[in-house]
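The structure appears below as structure tokens.
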Amino acid sequence: MAPEQLKALKLIGKEKKYEVGAFDDFKADAWALGLLLWDVLTFTCPINAETLEDMINLANAGITVAELPNVMGFDDKVYQGFKEVTTNLLNPDPAK
């Protein structure tokens, strides 16, 4: 889930409800694409949390994403391109 989705999520017992209009689906999809691309390029996840509650707390504290590691050994130009794309997609500020 994108940080803005996690911030808008309200856990009520076992139900999960969102504030109406709290986030933009397209921007949340861009975040998801960034996570998928990171996973394909590194075989890892850039965000570590064990539970949904941990993710919500992390989102509210301010998610930061490390620099994409070059585990595939791409040449510098290709690596810089992938790094730029993932950095932009995984910007926790949906306005950016």
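Structure values in brief
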{"read-out": "Selection from the stretch 45-65 of residues that are open to solvent by 70 Å² or more (accessible area, probe 1.4 Å), in a loop (DSSP other than H, G, I, E, B) and touching a residue at least 12 places away in the same chain (Cβ under 8 Å)", "value": "Thr64"}
{"read-out": "Any pair with Cβ under 6 angstrom, 6 or more apart, that starts in the stretch 68-96 at a residue that is farther than 28 Å from Asn57 by Cβ and modelled with pLDDT of 95 or more and ends at one that is polar (S, T, N, Q) and buried (at least 16 other Cβ atoms within 10 Å of the Cβ)", "value": "Tyr79/Asn70"}
{"read-out": "Test for Met55: is it within 12 Å of Glu4 (Cα to Cα) and not hydroxyl-bearing (Ser, Thr, Tyr)", "value": "yes"}
{"read-out": "Sole residue being of a type outside the set (D, E, K, R) and touching a Lys or Arg at 6+ places or on another chain (Cβ under 8 Å), chosen from Ile56, Ile47, Ile63", "value": "Ile56"}
{"read-out": "Any hit, the stretch 20-41, residues being in a loop (DSSP other than H, G, I, E, B), without any contact (Cβ under 8 Å) to a residue 12 or more places away in the chain and either under 11 Å from the mean Cα position of the chain (by Cα) or closer than 18 Å to Lys7 by Cβ (or both)", "value": "yes"}
{"read-out": "Given (1) at pLDDT 85 or above; (2) crowded, with 18+ Cβ neighbours inside 10 Å, index of the condition Leu36 fails", "value": "(2)"}
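The values are calculated or read from the model by the stated rules, or taken from the named source; none is laboratory data. Remember, predicted model here, so these are calculated numbers, not experimental data. Quick reminder, even Gly has a Cβ in these numbers, built from the backbone with ideal geometry, and neighbours come from all protein chains shown. Each accessible area value is taken on the protein alone, full model and side chains, heavy atoms only, with ligands, DNA and RNA left out. Shrake-Rupley method; radii C 1.70, N 1.55, O 1.52, S 1.80 Å.
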